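**Q** Quick one: structure below, then a few questions.
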Amino acid sequence: MNVTHLSCSACASYHAPNQLHNLCTQCGKPLLVHYDLERAAATFRKDHLPARPASLWRYQEVLPVVQADNIVSLGEGWTPLLHAQRLGEQLGMSRLHIKDESCNPTGSFKARGMALAVSMAKELGVKKLAVPSAGNAAGALAAYAARAGLEAHIFMPADVPLANRLECERTGAHVTLVDGLITDCGRLVAARKEYEGWFDVSTLKEPYRLEGKKTMGYELAEQCGWSLPDVILYPTGGGTGLIGMWKAFDEMEQLGWIDARRPRMVSVQAAGCAPIVHAFATGASHGAEIPRPHTVASGLRVPAAIGDFIMLDILRKSGGTAVSVSDEELLAAVGEIGSTEGIFPAPEGAACLPALKRLLQQGEVKQDDLVVLFNTGSGLKYLDVLSA
């Protein structure tokens with residue numbers, strides 16, 4: 001609607017709007033969408049938002065779809081920000097909140113990104129979409145592609161949670177199970193996409209999933225009364241959610257909706273697959289690929305992220321950090337969050353709790369801080385993992 005252009009996140013190369021793009025044609029890094037925010041502000045005002053639909057499309061002026069009839073929606077976004085009072089009492093915190101993304105269609109935050117990616121694919125004439133996925137992105141693509149009448153070709157590790165595989169199959173996707181990791185799945189998509197005529201919607205390898213994820217930042221600001229939290233803990237695999245929220249904060253500052261203060265951003269990873277944690281600790285600008293990644297939290301089993309340099313820059317600029325937790329800790333946290341707050345979190349979201357405990361012990365988070373933990377998905381998608 002108000003898109004002016006796209007630019008490379010690394011070399012700043014210009015890319016034209018309203019065209020199909022994957023990575024930067026100059027350096028192969030992720031592209032970012034830019035808007036004419038002055039023009040958007042003519043209709044995009046804070047005081048107008050309460051009258052708008054309770055979905056991510058309430059922020060339509062800073063989303064890229066031009067024609068409304070190209071919007072592919074299942075009611076995604078506007079998930080609850082819940083005051084975790086009982087859990088907070090156990091930790092001595094009065095301002096602990098959980099942003100519960102499990103309430104999205106398909107049961108995870110991935111619905112936000114795929115709603116935008118599929119809508120833009122429809123608008124730009126794509127007929128076949130492909131993605132490598134550890135689980136929840138696959139389910140979201142399958143659902144939104146079915147809604148749009150497009151083909152979905154999905155490559156998943158063979159040990160993906162059963163619910164994710166069945167979800168894709170029952171919503172009509174073409175599913176290939178791969179004896180390997182998400183990176184192996186990505187290589188298969190890359191090798192076949194030209195011959196098959198697929199458009200690759202891998203994490204950060206097309207620019208519009210990020211635009212869906214950034215709406216978490218808009219929602220969080222709105223739900224917090226336009227004053228951002230002190231600390232945000234976010235489970236990080238590919239990192240689109242963290243990068244998207246940071247982009248939203250910058251846009252809102254340019255709109256005059258918030259000031260320059262930013263939350264301290266915390267990347268939470270599994271101890272068996274923590275490239276961002278290792279890179280942050282060593283001062284590196286990129287993460288080294290983890291050779292033998294392992295964790296029951298399949299969404300965190302991303303041995304290398306194409307947007308790692310963006311995440312690391314955000315963590316450092318915000319005064320944040322990166323924390324890894326063991327599988328034993330995150331699995332225990334599923335029950336702890338469930339029994340205190342009635343939220344059945346995905347293992348990835350549950351990982352934020354032991355990370356918070358560690359930061360409290362180290363004095364990096366204070367008990368009176370306004371802290372938001374992100375539960376990125378529903379524990380119902382992981383019944384086979386949790387029962388084991």
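**Q** Only residues that are in contact with a Ser or Thr (Cβ under 9 Å, 6 or more places away or on another chain) and open to solvent by 30 Å² or more (accessible area, probe 1.4 Å): list them for the range 185-230, please.
**A** Across the range 185-230, the qualifying residues are Leu188, Ala190, Thr203.
**Q** Just one of Val302, Val323 is within 17 Å of Ala134 (Cα to Cα), outside any helix (DSSP H, G or I) and either among the β-branched types (Val, Ile, Thr) or open to solvent by less than 30 Å² (accessible area, probe 1.4 Å) (or both); which is it? Even if it seems obvious, please write down each step before you answer.
**A** Numbers: Val323 fails: within 17 Å of Ala134 (Cα to Cα).
One residue alone meets the criteria, Val302.
**Q** Evaluate the range 134-151: report whether one residue or more is open to solvent by 10 Å² or more (accessible area, probe 1.4 Å), closer than 23 Å to Gly239 by Cα, at pLDDT 95 or above and not in a helix (DSSP H, G or I).
**A** Here is the first cut: in the range 134-151, the ones open to solvent by 10 Å² or more (accessible area, probe 1.4 Å) are 134, 136, 143, 146-151.
Filter once more, keeping what is closer than 23 Å to Gly239 by Cα: 134, 136, 143.
Still in the running and at pLDDT 95 or above: 143.
Narrowing further to those that are not in a helix (DSSP H, G or I): none.
Scanning the range 134-151 turns up no residue that is open to solvent by 10 Å² or more (accessible area, probe 1.4 Å), closer than 23 Å to Gly239 by Cα, at pLDDT 95 or above and not in a helix (DSSP H, G or I).
**Q** Still on this model: Just to be sure before I move on: is Glu364 in a helix (DSSP H, G or I) and either modelled with pLDDT of 95 or more or of a type in the set (Phe, Trp, Tyr) (or both) in the structure I sent? Walk me through it before giving the result.
**A** Details: in a helix (DSSP H, G or I): no; either modelled with pLDDT of 95 or more or of a type in the set (Phe, Trp, Tyr) (or both): yes.
So Glu364 fails the test.
**Q** Moving on. So Ser285 fits all but one of (1) open to solvent by less than 10 Å² (accessible area, probe 1.4 Å); (2) among the hydroxyl-bearing types (Ser, Thr, Tyr); (3) under 20 Å from Thr203 (Cα atoms); what number is the exception?
**A** The number of the failed condition is (1).
**Q** Pick from His286, His278, His294: which is part of a loop (DSSP other than H, G, I, E, B) and either within 19 Å of Leu359 (Cα to Cα) or touching a Lys or Arg at 6+ places or on another chain (Cβ under 9 Å) (or both)? Quick ask: steps written out before the conclusion?
**A** Working: His286 fails: either within 19 Å of Leu359 (Cα to Cα) or touching a Lys or Arg at 6+ places or on another chain (Cβ under 9 Å) (or both); His278 fails: part of a loop (DSSP other than H, G, I, E, B).
His294 is the lone residue from the list that is part of a loop (DSSP other than H, G, I, E, B) and either within 19 Å of Leu359 (Cα to Cα) or touching a Lys or Arg at 6+ places or on another chain (Cβ under 9 Å) (or both).
**Q** If you check every pair at least six apart or on different chains, which have Cβ atoms under 6 Å apart with a residue in the range 332-347 that is surrounded by fewer than 23 Cβ atoms within 10 Å (Cβ to Cβ) first and a residue that is among the charged types (D, E, K, R) and in a helix (DSSP H, G or I) second?
**A** Thr340/Arg86
**Q** So which strands (runs of 3 or more DSSP E) are wholly in the range 26-132 and hold at least 1 residues that are surrounded by fewer than 23 Cβ atoms within 10 Å (Cβ to Cβ) and in contact with a Phe, Trp or Tyr (Cβ under 6 Å, 6 or more places away or on another chain)? Outline the logic, then answer.
**A** Working: elements: 31-35, 81-83, 96-100, 128-132.
Once the strands (runs of 3 or more DSSP E) in the range 26-132 are filtered for at least 1 residues that are surrounded by fewer than 23 Cβ atoms within 10 Å (Cβ to Cβ) and in contact with a Phe, Trp or Tyr (Cβ under 6 Å, 6 or more places away or on another chain), what remains is 128-132.
The values are calculated or read from the model by the stated rules, or taken from the named source; none is laboratory data. Everything numeric here is computed off the predicted structure, so don't read it as measured data. We place every Cβ from the backbone using ideal geometry, glycine too, and count neighbours over all the protein chains shown. All accessible areas refer to the heavy atoms of the entire protein, side chains included, with ligands and DNA or RNA removed. Shrake-Rupley method; radii C 1.70, N 1.55, O 1.52, S 1.80 Å.
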